[in-house]
Structure formats: C-alpha cells, structure tokens
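The values are calculated or read from the model by the stated rules, or taken from the named source; none is laboratory data. Being a predicted model, the structure only gives us computed values, none of them experimental. Glycine gets a Cβ as well: all are built from the backbone with ideal geometry, and neighbour counts include every protein chain shown. Just so you know, the surface numbers come from the protein's heavy atoms only, side chains and all, with ligands and any DNA or RNA stripped out. Shrake-Rupley method; radii C 1.70, N 1.55, O 1.52, S 1.80 Å.
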Amino acid sequence: MPVADYKKITMNKYFLLILFAAVLFTSCQKEAGFSEEADEEEEPITPSNPANTAELLIGTWKMSANTVNPQIDYNGDGTKEADVFPVMSACEKDNTLMFNTDMKATEDEGPTKCDVDDPQSVTRTWSLSVDNKILSLEGDGTREIVSISATKLVMKIKFSGYGDGVEYTFTATFAK
C-alpha cells in the first residue's frame, strides 16, 4: 500500500478517534443538572471547574478545527502542516459525534464516507474521569478535554500510529 494511502487511512481513523473521544467525554457525566435551556455565549468550562461538563456534552458535535504538534504531512503532499483541518478530506469534515444521556456516543460518517465499506455509524459507551478531564470511548481510547461550553468543545488526543516513532498531539475543536 502506498504511504499516502496508509496515511489517509490512518488519518481517517484518527479523526474517528477524536470524534469518538468527544462523544465519550460528554456522555460520562451524570445527568445531574441537565437542562433543556439554551445558554447564550457562555464562558467555557475547563476541567478545573467541570460542574456541568456532562450536561454540556449531550448533543451532536461536528469538527470545526484541527491542529497538530509537531507538524505532519497529513494529506501526503510532501508539505508538513500544523493546521490540518484545511487539508482534511470533505468525507472527514462532515462526520458528527452525538453524545446521549444514556452514556452512549454515536459517530456518524455524514453524507460522504471516506470508505464505502465503513459502517454509516458506530455507537460506543462513553465515560469521564472522576475529575472530568479525560473522556473515554469504549474500544477507542481517551482524549483530554481542554474546554467545553454550550456550543464549543476542544479536545486533545495523542497519536503515534504513523510508523515514524513520533507522538503527535492533535487539538480538535467541535461545534454543536
């Protein structure tokens, strides 16, 4: 398999990991304090003050930004970039991650799938660490929650599956 194809497949799986991590993070909290009210531009809740992290996670999220450190040749064009969102495929950008109050998270491939053989959606159980800083998705690892508000979720995930011995830290931003 050509390296560019391997990287594309690996990055698609990375995107899914981030998406699943986001779902897992939001569904781990108890329903205490859950409210149907829509909050206007509220200040982000950081893991050091996670009073309603689970409540905020509930809903459908879509990636709106994605950066990596150190830089990587994400799309196999020979150029390393830190901001990978602009070079991500449309089939990666249209995926959604939905966290439910029953501690289930569903990742949906969206209107376009990168691989026609992939399932349209996958549902996993999610949970949060005791301190609400780490989101876990069953069978898909963990993500660090950097911040969360009613409309914005920022998570970090470490990934070293490119075969180059480097650990990359992706910071993905999701919008509700």
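Numbers at a glance
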{"item": "Apportionment of accessible area to carbon and sulfur, region 97-176, percent (1.4 Å)", "result": "50"}
{"item": "Total lysine pairs under 19 Å (Cα atoms) in region 46-176, excluding pairs fewer than 8 apart on one chain", "result": "18"}
{"item": "Heavy-atom accessible area ranking, 1.4 Å probe, most first, across 124, 143", "result": "124, 143"}
{"item": "Solvent-accessible area per residue for region 68-120 (1.4 angstrom probe, square angstrom)", "result": "50"}
{"item": "Listed residues 114, 91 arranged by accessible area, highest first, probe 1.4 Å", "result": "114, 91"}
{"item": "Region 73-174 shape via C-alpha gyration tensor axes, a/c threshold 1.5", "result": "oblate"}
{"item": "Assigned charges on the beta-carbon of Lys, Arg, Asp, Glu; region 66-176 dipole about Cα centre (debye)", "result": "520"}
